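These notes concern the structure reproduced below.
We did not get these values from a lab; they are worked out from the coordinates using the rules stated. None of the values given here were measured: they were computed from a predicted structure. Note: ideal-geometry Cβ built from the backbone for every residue, glycine included; neighbour counts use all protein chains shown.
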Amino acid sequence: MKPLTDVVMTVGALLSLATASALSASLYYSGVNPIPASNTPPTNPIEKFLASYPSMYLTEKTELCHGTQVKKGFFSDTRYDMYVIRSGGPVKAENGLVFKHDIYSQFNDDSISATFSWNGENGAGMDQDERTAKSIYEGICAQSSVVIRTKAEQLEINALDATRKPPEPDPCQDEIRKVVGVESKISTAKVKAYLDQRDALGGSSALRRIEVETINAKVQGQHNVTMQSLLAERASAVAVLDQCKNLSTTKATAGDPLDQLRRLKALLDDKIITQEEFNIKKASLLK
């Protein structure tokens, strides 16, 4: 995945697509052996699936899907028989946010040939090939799917498995999301400003070129106003995030008995408190 880039992991596929250029068979196999025309049903699919995610904390139902995928060629169509297992769970991104991820593993003749994970909340960070791959797996599961572990069963298993722990989100989740949201709006605004520009085609009249320049100047002016507003919004969001982080650090430090003892020792050394006061507070902190 691009590590859930923005997974994680950012948001994106855990394994790179074998060939990222075209909608060919390379989307459907692990890069070594193509999908057999007729796949054998997988045995112990959950065990094989979990082996791909040895510490994943699954929180969604687990389904085994079976269907067909057609790769269209110049002269004939090739039909692939496919088995896919899918589930989902939280994944912590590099920026500290925890996102729900959709997870898919593809079986080729009883063995997993590819495993992918995408941000299930908003699909952020997915490129076109990843969106195509996900739609393929969703299409397979739409043809036929069987629940082999319910959500309730999965949560019960989690509670008994000490090796699988939910990721702990960093503090200031709301503040981080605000900054990420503003960054997204800035990126969108830049793209819009580019697309709104006009081109004066070769051979255009002088009047047409003047008209285009006038339109582009207006577009740029509007873009500048928008960007100034967004940059101010980002600066405000970053300031709030920094304040939250500083407060979280202060609280964490304040809750550390050893750190409090160090500060008390400094007060004692500076003769701000007496030895008796230091001893009383020290005994209280070390209880």
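How do Ile112, Ile85, Ile140 line up, fewest other C-beta atoms within 10 Å first?
Ranking Ile112, Ile85, Ile140 by Cβ neighbours within 10 Å, fewest first, gives Ile112, Ile140, Ile85.
How would you classify the stretch 78-222 from its alpha-carbon gyration tensor, with a ≥ b ≥ c the square roots of the eigenvalues: rounded for a/c under 1.5, else prolate if a/b is greater than b/c, otherwise oblate?
Verdict is oblate for the stretch 78-222.
Using a Förster distance of 35 Å, how high is the FRET efficiency between Ser187 and Lys265, based on the Cβ-Cβ distance and rounded to 0.05?
0.10
Per-residue counts of other Cβ atoms within 10 Å, averaged by peptide: what ranking do you get for 269-275, 49-55, highest first?
Result, highest mean first: 49-55, 269-275.
Most exposed first by the Cβ proxy, i.e. fewest other Cβ within 10 Å, how do Met126, Met82 rank?
Starting with the residue having the fewest Cβ neighbours, the order is Met126, Met82.
Please tell me which of these pairs span more than 28 angstrom C-alpha to C-alpha: Lys61/Lys190; Lys134/Lys185; Lys92/Lys281?
Going by Cα-Cα distance, Lys61/Lys190; Lys92/Lys281 fall outside the 28 Å limit.
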